[in-house]
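To start, the structure under review is shown below, and the notes come after it.
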Amino acid sequence: MLADRGYPGVDLWRDWAASGAELLKRLAGSRYSLVPDEVLADGSWLTTIYGYTDRRREHGIQVRVVGYQLAVGGEEYTLLTTLTDHQRHPGSELAALYTERWEIESTFKELKAQQIGAGQVLASKTPDGVFQQIWGHLLVHYALRVHMLQAARANAENLDPDRLSFLTCLRAARRITMMPPADFPPSA
């Protein structure tokens with residue numbers, strides 16, 4: 001499970017891990033001072049984290065810390081994970097996986113700001129109507145994304161669909177659907 005910074009700490013982490021989930025979470029800023037218990041070959045390290053109320057430090061959880069930068073001189077990120085085996089789960093792969101988490105944020109933006117429109121309110125007045133409108137928007141988004149996937153695969157360079165512009169695809173679809181119907185001669 002991928003989580004952004006800002007989620008409550010150790011108690012929630014313990015509950016999620018107890019469910020069997022593997023966790024990869026961004027640490028919020030540098031307000032935590034983590035002390036390495038063991039430095040691993042890939043530069044990541046193991047540490048023990050404690051809950052805010054665990055003043056005696058009796059109920060710690062061992063986690064792995066992975067640090068990375070998006071670009072040279074860019075912002076530094078610190079990730080915590082339950083995946084403690086650095087050979088099976090290299091830090092570079094975990095960092096790349098975490099950056100994929102941002103795709104959901106892009107999807108929310110596509111739906112809320114671009115497709116529906118920033119500040120727009122759903123027009124339905126009943127709960128069933130709201131559900132119908134939401135499902136309609138989700139289906140349109142899905143259809144546009146499928147179209148983008150097909151376009152990316154048809155490209156000779158085998159593009160990643162994320163490299164295509166959702167807004168451009170949405171505008172093209174709107175242009176096509178807003179055209180007046182074509183005149184067809186009567187069939188014989």
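Tabulated values for the structure
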| item | result |
| --- | --- |
| Residue match in region 92-102 (condition: outside any helix (DSSP H, G or I), of a type in the set (Asp, Glu) and either out of contact with any Pro (no Cβ under 8 Å at 6 or more places or on another chain) or surrounded by 15 or more Cβ atoms within 10 Å (Cβ to Cβ) (or both)) | no |
| Residue check for Ala113: assigned to a helix (DSSP H, G or I) and surrounded by 12 or more Cβ atoms within 10 Å (Cβ to Cβ) | yes |
| Among the residues listed as Gly119, Gly73, the single one being on the phi > 0 side of the Ramachandran plot, free of Cβ contacts under 8 Å to residues at least 12 places away in the same chain and not assigned by TED's automatic domain parsing to the domain that holds Ser165 | Gly73 |
| Filter result for Leu79 (among the aliphatic types (A, V, I, L, M), part of a helix (DSSP H, G or I), in the same structural domain as Glu38 (by TED's automatic domain parsing) and under 14 Å from Arg26 (Cβ atoms)) | no |
| Criterion (out of contact with any strand residue (DSSP E or B) (no Cβ under 6 Å at 6 or more places or on another chain), among the acidic types (Asp, Glu) and closer than 30 Å to Thr48 by Cβ) met by exactly one of Glu93, Glu105 | Glu93 |
| Residue list for region 56-76, restricted to those being outside any loop (DSSP other than H, G, I, E, B) and either loosely packed, with under 14 Cβ neighbours inside 10 Å or in contact with a Lys or Arg (Cβ under 8 Å, 6 or more places away or on another chain) (or both) | Ile61, Gln62, Gln69, Glu76 |
| Region 12-55 - residue that is under 22 Å from Glu93 (Cα atoms) and of a type in the set (Lys, Arg) and, of those, surrounded by the most Cβ atoms within 10 Å (Cβ to Cβ) | Lys25 |
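The values are calculated or read from the model by the stated rules, or taken from the named source; none is laboratory data. Quick caveat: nothing in here was measured; it's all calculated off a predicted structure. Note that we place each Cβ from the backbone using ideal geometry, even for glycine, and neighbour counts take in every protein chain shown.
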